[in-house]
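Worksheet for the structure shown next.
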Amino acid sequence: VSTQSTGGVLSSVGLGTGLHTFLLYLGPHIASVTMAAWECGSVDFPEPPYPEQITCGSGPATTIDLWTIVSKVRLEAFMWGAGTALGELPPYFMARAARLSGQKVEDEDFNELDDLKGKDDLDIWSRAKLAMHTLVQRAGFIGILLCASIPNPLFDLAGLTCGHFLVPFTTFFGATLIGKAVVKMHIQMLFVVFIFSKHHLEALETLISNIPEIGPAIHAPFVEFMDKQKAKLRSGGKQGGSGGSESVLSKCFEVFVVGMILYFVVSLINSLAQQYYKDNVEGGKLKAKKTN
């Protein structure tokens, strides 16, 4: 649970440079629980090794449906959503502190909003920025809730807007928490559970087999991989002979995760370097001109 909360914070912190931990950790976890629930006929997985490893328990099979699986992963998903809400606080406090001290908010997207107003030849991205800024400013709690309830890469602007206009903390964080930890979390969770349900995976298997020319070549490894995962669940994670393909897949995923983390670190350092340049280099030149 604490891991998911930390992952949620990393997903949204950093003024647009967040690490997409839903795709890296929570999403795959929900998908694994979904597939295991259908294969095992139960969500009563042995603890331990759950949640680090999912294996079928020895208890009787029960009726599996969407809500049974949702109930199993709801706590982890909620904590991840709460973490993303916490990660949205730095832009809010930064803009609020700047407004109270009479300084300018150091964010290019926020500062260009005034220039966008009144223009007709705006691209879709600029229109989205301006629309969200206006919605949050005019609709208050409801506007923040709506912006937080969908996957929204522009939500940093909502935090900056709320901080700049001194929206109360309880209003901003309350709407953000409900939107991200309840509404958006359930949308994403239900989507993953729906896609990885047994009948949808079977439909995907059929679809792959019907792809012209390359279908049979892809279908065989896909079916083999799924069969090995099912056998692993049944054997308590001790299934032999599956090490080859699983090892390659595990290594590929590890490389992907490391790459995403490195990208996150580089983006964060780049943002800090740009901010340092603006504050010290450009700010020093401006002061020098005023002095002269």
Would you be able to say whether some residue in the stretch 255-272 is open to solvent by 70 Å² or more (accessible area, probe 1.4 Å), modelled with pLDDT under 80, closer than 30 Å to GLN137 by Cβ and not in a loop (DSSP other than H, G, I, E, B)? yes
If the Cβ limit is 8 Å and pairs must be 6+ apart or interchain, which residue in the stretch 174-199 that is touching a residue at least 24 places away in the same chain (Cβ under 8 Å) and of a type in the set (Lys, Arg) pairs with which residue that is surrounded by fewer than 21 Cβ atoms within 10 Å (Cβ to Cβ) and outside any helix (DSSP H, G or I)? LYS180/SER149; LYS184/SER149; LYS184/ILE150; LYS184/PRO151
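Of all the residues that make up the stretch 140-159, how many are more than 20 Å from the chain's Cα centre (by Cα) and modelled with pLDDT under 80?
Summing the residues that are more than 20 Å from the chain's Cα centre (by Cα) and modelled with pLDDT under 80 in the stretch 140-159 gives 0.
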Residues being without any contact (Cβ under 8 Å) to a residue 60 or more places away in the chain, closer than 25 Å to HIS200 by Cα and open to solvent by 50 Å² or more (accessible area, probe 1.4 Å) - total across the stretch 35-51: 2
In the stretch 175-199, which residue that is touching a Phe, Trp or Tyr at 6+ places or on another chain (Cβ under 7 Å) and assigned to a helix (DSSP H, G or I) is modelled with the lowest pLDDT? LYS198
Kindly establish whether TRP80 is farther than 13 Å from PHE173 by Cα and modelled with pLDDT of 85 or more. yes
If THR206 satisfies all but one of (1) modelled with pLDDT of 75 or more; (2) of a type in the set (S, T, N, Q); (3) under 30 Å from MET79 (Cβ atoms), what's the number of the condition it fails? (3)
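The values are calculated or read from the model by the stated rules, or taken from the named source; none is laboratory data. Computed from a prediction, not measured in an experiment: that's the story for all the values here. Neighbour counts run over all protein chains shown; Cβ positions are idealised from the backbone, glycine included. Ligands, DNA and RNA are excluded from the accessible area calculation, which covers all protein heavy atoms including side chains. Shrake-Rupley method; radii C 1.70, N 1.55, O 1.52, S 1.80 Å.
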